[in-house]
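See structure below.
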Amino acid sequence: MPQYDVIIIGGGPAGLFAAMELAQAANLSVLLMEKGRDIDKRSCLIMEKGGVCPPCHPCHLVSGLGGAGAFSDGKLTLSPDVGGHLPEYLGWQRTQELIEYADNAYLRFGAKDHVFNGGTQVEDLQRRASLAELRLIPVDIRHMGTDRSRQVLCGMRDFLQGKVEIRANLPAARVVVEDGQLKGVETSKGECLECRYLIVAPGREGSDWLVKEARRLKLTLHNNPVDVGVRVEVPAAVMDSVTSILYEAKLEYFSRTFDDRIRTFCMCPAGEVIMDSTGGADPIATVNGHSYAERKTNNTNFALLVSTTFTEPFNDPIGYGKYIARLANILGGGGVLVQRLGDLQEGRRSTLARLERGIVQPTLKCAIPGDLSCVLPYRFLKGIVEMLEAMDKFLPGTASRHTLLYGVEVKFYSARLELSQNLESEIPNLFAAGDGAGVTRGLMQASVSGVVAAREILRRVGAKVSPAHPLAV
Ligand SMILES: Cc1cc2nc3c(=O)[nH]c(=O)nc-3n(C[C@H](O)[C@H](O)[C@H](O)COP(=O)(O)OP(=O)(O)OC[C@H]3O[C@@H](n4cnc5c(N)ncnc54)[C@H](O)[C@@H]3O)c2cc1C
């Protein structure tokens with residue numbers, strides 16, 4: 001008999017929601033293994049004290065119980081239209097139902113009940129955006145904030161105590177498959193843990209590991225578009241007319257020169273730009289953003305991501321993104337770069353003195369003033385500048401010479417595993433969920449994907465579950 005009925009790799013939102021769903025069945029033995037620390041033991045020195053990233057192995061910002069969700073901005077997007085590919089597997093309606101279900105769980109564990117939905121003002125915003133060649137995608141958003149996200153995820157961890165075995169500081173090294181049959185997981189300590197079902201949910205941080213495992217196990221991988229760009233920081237007042245109504249302006253633009261899709265992503269009103277590190281033993285530093293529910297800055301930041309689809313023989317979207325991020329790290333002494341838009345347009349690097357003269361003061365103090373034109377391919381940089389100019393017509397001040405660009409922001413969900421509608425891989429009983437598998441791109445869909453995989457396992461084992469789920473409000 002295997003030691004466990006189910007093992008879950010990764011304690012982010014996908015893994016936690018899978019565990020909570022499985023915890024309904026009293027007689028299942030479930031192990032949640034997480035390579036980072038327990039959530040209470042995670043702290044980022046750079047966020048607390050500033051300075052240069054050491055970096056930690058693994059990075060506390062993105063690894064540990066709670067996953068990248070623990071320090072995330074905590075924006076729960078309540079529509080299937082953004083945040084991942086789940087509607088392609090589940091259909092739009094089922095995705096929407098499961099989003100409502102997961103949203104109820106977030107509420108039960110302490111998320112605020114206010115939802116930003118724009119109401120009657122959305123149409124006018126959309127009309128104004130279209131005059132600037134931008135598409136504004138209105139999405140209902142529940143904002144938890146970085147501080148509240150952590151509390152909510154701690155609550156989920158506490159809920160699981162005694163129902164599921166949780167082992168932190170335990171990296172999975174290998175998925176063990178013999179003669180096409182799933183056997184279990186080998187840990188980095190060489191321990192072999194057997195299981196009947198496995199849910200792999202290693203997040204973006206573990207996507208590289210998952211790709212290597214998929215290649216070793218000869219699983220089919222598809223390329224999602226490569227998403228590379230910068231994080232933009234402007235005075236909060238520039239974005240106010242949209243962020244006060246929608247919280248986040250989800251804007252889409254097709255570049256004039258290359259016809260690439262460029263979009264805003266993860267807008268953090270009155271927030272902070274942060275640096276995170278991915279890549280295990282050979283880490284790379286990239287930028288990100290978050291905002292607190294209570295602590296506000298004078299700046300708003302957001303990512304501008306250029307999506308490019310490369311054709312055969314290209315098969316390494318994650319490697320490509322890492323390569324570009326590494327260029328910024330080489331120039332930034334291991335860290336990330338920051339440049340004023342005005343300096344970029346004048347063909348010169350930013351310097352500390354130039355930054356100090358700027359109206360926008362960087363919230364990420366450890367970013368090195370530099371030149372992003374030495375990092376980003378022309379196609380990406382051109383698209384970013386074109387979109388900023390379009391945004392400036394809609395939200396004046398966006399393309400000011402004082403606007404700060406941090407580089408680079410890369411999203412490591414570019415490789416997607418071949419999965420069934422229930423998120424099962426080509427190996428029976430091996431499921432994959434969340435951002436690492438390339439099926440989701442945010443907290444909400446990652447959470448839902450964990451529920452989908454877990455429900456299929458519950459169905460297969462014929463687990464007796466109460467018709468009223470304990471998490472439903
Ligand atoms: C700063 C920041 C702000 C963000 N803000 C938002 C936001 O406002 N809204 C939003 O929707 N999304 C946001 N995101 C993205 C969001 O956090 C992710 O989409 C979400 O956490 C993905 O969930 P996941 O469970 O798939 O992966 P993760 O949360 O990344 O969790 C995966 C876990 O697996 C662990 N792991 C990896 N490999 C192994 C292994 N081999 N063995 C054991 N464990 C392993 C990792 O340590 C990690 O803890 C933000 C992310 C960051 C970093």
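Here, each number is a calculation from the coordinates, and none is a lab measurement. Just so it is clear, the model here is predicted, and its values are computed rather than measured. Counting neighbours? That spans all protein chains shown, and the Cβs are built from the backbone with ideal geometry, glycine included.
For segment 147-158, the Karplus equation 6.51 cos²θ - 1.76 cosθ + 1.60, evaluated at θ = phi - 60°, returns couplings of 4, 5, 4, 5, 4, 4, 5, 4, x, 5, 4, 5 Hz by residue, with Gly and Pro reported as x. For the chain, with the dipole built from +1 on Lys and Arg beta-carbon atoms and -1 on Asp and Glu ones, taken about the Cα centre, which of Val439, Ser130, Val226 lies farthest toward the positive end? Checked the options; the winner is Val226.
Let me check I've understood the local charge: for Asp316, count other residues with C-beta under 11 angstrom from its C-beta, Lys and Arg +1, Asp and Glu -1. What total comes out? Net charge around Asp316: +1. Placing pseudo-labels 7 Å out from each Cα toward the beta carbon at Lys464 and Arg357 gives an inter-label distance of 7.6 nm. A simple charge model with +1 on the Cβ of Lys and Arg, -1 on the Cβ of Asp and Glu and nothing else charged puts the dipole of the chain at about 600 debye relative to its Cα centre.
Neighbour counts of C-beta atoms inside 10 Å place Lys218, Lys183 in the sequence Lys218, Lys183, starting with the fewest. Over the chain, Cα pairs under 8 Å with separation of 6+ residues give a relative contact order of 24 percent.
Multiplying the residue separation of Glu294 and Asp113 by 0.36 nm and subtracting their alpha-carbon distance yields 63.6 nm. Among Gln345, Gly321, Ala293, whose Cα projects farthest towards the positive end of the dipole of segment 225-411, with charges put on the beta-carbon of Lys, Arg (+1) and Asp, Glu (-1)? The residue sitting most towards the positive pole is Gln345. Relative contact order, whole percent, for segment 225-411 stands at 33, derived from Cα pairs under 8 Å and 6 or more residues apart.
Here the label points at Arg94 and Glu194, each 7 Å from Cα along the C-beta direction, are separated by 3.2 nm in the simple model.
Charge dipole (Cα centre; +1 on Lys/Arg Cβ, -1 on Asp/Glu Cβ; no other charges) of segment 225-411 amounts to roughly 360 debye. If only the Cβ of Lys and Arg carry +1 and only the Cβ of Asp and Glu carry -1, the dipole of segment 189-308 around its Cα centre is close to 320 debye. Semi-axes of the equivalent ellipsoid for segment 225-411, computed as √(5λ) from the eigenvalues of its C-alpha gyration tensor and ordered from largest down, come to 23, 19, 17 Å.
When Thr308, Thr398 are arranged by Cβ crowding within 10 Å, least crowded first, meaning fewest neighbours, the order is Thr308, Thr398. What pairs in Lys183/Lys218; Lys212/Lys411; Lys296/Lys365; Lys75/Lys212 have C-alpha atoms more than 20 Å from each other? Where the Cα-Cα span goes over 20 Å, the pairs concerned are Lys75/Lys212.
A helix-only calculation puts the chain at -9500 deg cm²/dmol for mean residue ellipticity at 222 nm, using -39500 (n - 2.57) for each DSSP H run of at least four residues, averaged over all residues. Between the beta carbons of Lys218 and Tyr323, assuming R0 = 30 Å, the FRET efficiency works out to 0.75 to the nearest 0.05. When His60, His402 are sorted by how many other C-beta atoms sit within 10 angstrom of their C-beta, beginning with the fewest, the order is His402, His60.
Each of Met156, Thr363, Val451 was placed along the dipole of the chain (beta-carbon charges, centred on the mean Cα), and the one lying farthest toward the positive end is Thr363.
Compared with the dominant Cα axis of the chain, that is its longest principal axis, helix 236-246 is turned about 40°. Against the main long axis of the alpha-carbon atoms of the chain, helix 13-22 sits at an angle near 30°.
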